[in-house]
Every structure is written in C-alpha cells, then in structure tokens.
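Notes follow the structure.
The values are calculated or read from the model by the stated rules, or taken from the named source; none is laboratory data. Remember, predicted model here, so these are calculated numbers, not experimental data. Ideal geometry is used to build each Cβ from the backbone, glycine not excepted, and the neighbour counts take in all protein chains shown. SASA here: full protein model, heavy atoms, side chains in, ligands and nucleic acids out. Shrake-Rupley method; radii C 1.70, N 1.55, O 1.52, S 1.80 Å.
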Amino acid sequence: MRGDGALLAVVAAGGALGSLARYGVAQAIPVESGQLPWATLITNVVGCFLIGVLMVVITEVWTAHRLLRPFLGVGILGGFTTFSTYAVEVRGLLADGHYPLAFGYLGGSVIAALAAALAGMSLTRVAAGARIGKGN
C-alpha cells in the first residue's frame, strides 16, 4: 500500500521519542522495592491526559495531517505510556507481599488514567469552545 513507509517511519520516530521521555521520567523518579512506582503512574496518567487532548484536537477542533495522529498518538504517547511496566510492577509488589499497595496501584492506576483522559478531553473541548466563541 502507498504511504506505509511514511506511516511506519512516523510511528517509529514518535515511539523512540516517547520511550526516551518515559526513560527520563523513570530516571528522575526512581522507585525502591515496596514503594509506589510513581514514575510509571505519573507517566501513564499524563499520557492518558495528553491522548484525551490530542483526540479532541485532531477530531473536533481541526483537521490534522494524516500522519500526525500516528506520530503523536501511537508513536510518542504509545512509547511514553506503558502497560507492560505497570503489570510487572504490580506483579513485583504482589510477589514481595505488598498486597494493599499492589491492589491500590492496580485499581488506582486505571481510575486515574481514565479520569485523566476524560479531563483532557473535557478541558480541551472547553478551551476550544472558548477560543471558537471569541473568534465569532
């Protein structure tokens, strides 16, 4: 198919950037055994907020170039957020006997991430509506 090379390139480039950003957060906020993995929690919540913003901007506010969504959404934000690290961290907390923390992290991450995505969408719609209203 035509354009698959460009699509693959933007996803790969975005993924590399997002992964580097996640690595930077993990280095800035190290976690010790038995502690809440703040770096992953923050990364996933911020990533979900940003995906909420992005989806509203590119589907409701303006028409984006066809490669922007794969670059930002799949590449950067897909590389930035991490379900696999979250799952390994939950497993590690369980294996070490930190059951309340593990289950709190397990459920709290999902709730916080969903709330962040909804907040990103809602705030972007409000901001876009205010901007559009001022332009009329």
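With the structure loaded, tell me whether residue 124 is assigned to a helix (DSSP H, G or I), out of contact with any Phe, Trp or Tyr (no Cβ under 9 Å at 6 or more places or on another chain) and open to solvent by 70 Å² or more (accessible area, probe 1.4 Å) or whether it fails that test.
no
Restricting to the stretch 78-99, and then to whatever is within 10 Å of residue 40 (Cβ to Cβ) and in contact with a Lys or Arg (Cβ under 9 Å, 6 or more places away or on another chain), can you tell me which residue is surrounded by the fewest Cβ atoms within 10 Å (Cβ to Cβ)?
Selected residue: 85.
Please work out if residue 27 is assigned to a helix (DSSP H, G or I), out of contact with any helix residue (DSSP H, G or I) (no Cβ under 6 Å at 6 or more places or on another chain), of a type in the set (S, T, N, Q) and farther than 25 Å from residue 121 by Cβ.
yes
Go through the residues of the stretch 16-29 one by one and say whether even a single one is open to solvent by less than 40 Å² (accessible area, probe 1.4 Å), touching a residue at least 12 places away in the same chain (Cβ under 8 Å) and either under 10 Å from the mean Cα position of the chain (by Cα) or under 17 Å from residue 106 (Cα atoms) (or both).
The answer is yes; a qualifying residue exists.
Please verify whether residue 73 is closer than 30 Å to residue 5 by Cβ, open to solvent by less than 50 Å² (accessible area, probe 1.4 Å), under 11 Å from the mean Cα position of the chain (by Cα) and touching a residue at least 24 places away in the same chain (Cβ under 8 Å), treating the condition exactly as stated.
So residue 73 fails the test.
Answer yes if at least one residue in the stretch 81-103 is of a type in the set (Ser, Thr, Tyr), more than 30 Å from residue 7 (Cα to Cα) and at pLDDT 95 or above, and no otherwise.
So far as the stretch 81-103 goes, yes, one or more of its residues are of a type in the set (Ser, Thr, Tyr), more than 30 Å from residue 7 (Cα to Cα) and at pLDDT 95 or above.
Residues to consider are 43, 59; find the one that is at pLDDT 95 or above, in a helix (DSSP H, G or I) and polar (S, T, N, Q).
43
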